[in-house]
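Written out below as C-alpha cells is the structure these notes cover.
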Amino acid sequence: IWSEIPVYGHKSTYIDDITGRALKQLRRNIETNASHPSVLIWSIANELSSEPGATQGRYIRRATKLADQLDPTRAVGLAVAGYPAAGCQRRYGPLDVVGVNDYFGWYTGPSGSLFDRNKLSAYLDSLRSCYPKDAIMVTEFGAEANRAGSVEDKGTYAFQQDFVNYHLGVFASKPWLSGALYWALNEFRVRPEWDGGNPFPSSPIHQKALIHYDGTPKPAFADVRRWFTTTPQF
C-alpha cells in the first residue's frame, strides 16, 4: 500500500504527516468550540483499530496531551468499535473516557461476534474489568428503521423499538456506565448505495435515526425520550 503513495519517500514520513494533520484538526476543533456549552468531552478519534498499534498509541498520547493543554476543564475520550475479541488495550491509558460503539444485535461483527445481542451485557462487564478507573460510556448504538413490519424483521419500526428498549435496559443494569448516546437523532444523507445493515435500505439516507428526514418522529423516539427523561441526570 505504501508503495502506491509516491509523494513520500518513506512510510514514517507519511504517518507523521497524517498524525500532524489529525492533531491540527483537533486543535482547530477545540479552539473553535471550547466555549460551546454542549461540549462535554473532546473526542480525539472515532473507530481507529480496535487493537491499536504503536503508531496509533503515539497519536492517542499526543492528542490527549494536546487536548488537556488547550482545555484542562474537559475530559478526553476516544470512540472505539465494540468487538469482544479486541480485549484490553493498554494504549488507551492516557484517556479519561473510553467510548464504545455498540451494535450488538444489528451488525454481525467480526466472525459473527455481534450477532447475538445477549452477549452485550457480558461485553460491557469485560470493558469495566479492562478499564476499572476510566469512565466508560456508549458513544453509539442504533438500528435502521424505514417501514412497518414484524419486530423480528431488521429495518422495521418495531425492530428498532425493541432494539432501543433492550439496549437501554442493559445499560440501566450497569450503575458504573457513565452514559449512552443514541446514534442518531435525525436522518441525513450519507452516500450512494448506503444500506447501514438494512435489508431494504433507502439509499442514500442514513436511517438509524429516531426522526425521519422530513422531521416526523419514528415510534422509537417516544421510547428513547421515556428512558432519558426518567433517568437521573448529573
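The values are calculated or read from the model by the stated rules, or taken from the named source; none is laboratory data. Not measured: the values here are computed from a predicted model. Please note: Cβ atoms are built from the backbone with ideal geometry, for glycine as well, and neighbour counts cover all protein chains shown. Surface areas here come from the heavy atoms of the whole protein model, side chains and all, with no ligands, DNA or RNA. Shrake-Rupley method; radii C 1.70, N 1.55, O 1.52, S 1.80 Å.
A few remarks follow.
- In the set (1) touching a Gly at 6+ places or on another chain (Cβ under 8 Å); (2) over 29 Å from GLY77 (Cβ atoms); (3) open to solvent by less than 70 Å² (accessible area, probe 1.4 Å), the condition left unmet by PHE200 is number (3).
- Listed conditions (1) assigned to a helix (DSSP H, G or I); (2) of a type outside the set (A, V, I, L, M, F, W, C); (3) surrounded by fewer than 16 Cβ atoms within 10 Å (Cβ to Cβ); (4) without any contact (Cβ under 8 Å) to a residue 12 or more places away in the chain are all met by SER126, apart from (4).
- Scope the range 129-156; condition open to solvent by 30 Å² or more (accessible area, probe 1.4 Å), over 17 Å from the mean Cα position of the chain (by Cα), within 24 Å of ILE205 (Cβ to Cβ) and of a type in the set (Ser, Thr, Tyr); matching residues: SER150
- Residues of the range 36-73 satisfying the condition of being over 18 Å from LEU127 (Cβ atoms), free of Cβ contacts under 8 Å to residues at least 40 places away in the same chain, open to solvent by less than 50 Å² (accessible area, probe 1.4 Å) and in a loop (DSSP other than H, G, I, E, B): VAL39, GLY53
- If the condition is being open to solvent by 10 Å² or more (accessible area, probe 1.4 Å) and either of a type in the set (Asp, Glu) or in contact with a His (Cβ under 7 Å, 6 or more places away or on another chain) (or both), then the range 78-105 contributes only ASP96.
- Pairs meeting the criteria (first residue in the range 138-155 and in contact (Cβ under 8 Å) with a residue 24 or more places away in the chain and under 15 Å from ALA209 (Cα atoms), second residue outside any strand (DSSP E or B) and among the hydrophobic types (A, V, I, L, M, F, W, C), beta carbons under 6 Å, at least 6 apart or on different chains) are THR139/LEU181; GLU140/TRP183; GLY142/TRP183; ALA143/TRP106; ALA143/PHE163; GLY155/PHE200.
A quick yes/no check of all residues on (1) touching a Lys or Arg at 6+ places or on another chain (Cβ under 9 Å); (2) aromatic (Phe, Trp, Tyr):
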position	(1), (2)
SER111	no, no
LEU124	yes, no
PRO132	no, no
ARG147	no, no
TYR157	yes, yes
VAL164	no, no
PRO175	no, no
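- Residue match in the range 13-26 (condition: at pLDDT 95 or above and in contact with an Asp or Glu (Cβ under 9 Å, 6 or more places away or on another chain)): no
- Pair list, Cβ under 8 Å, 6 or more apart: the range 187-214 residue closer than 22 Å to PHE104 by Cβ, other residue among the basic types (Lys, Arg) and buried (at least 16 other Cβ atoms within 10 Å of the Cβ): GLY196/LYS208; GLY197/LYS154; ASN198/LYS154; PRO199/LYS154; ALA209/LYS218; LEU210/LYS218
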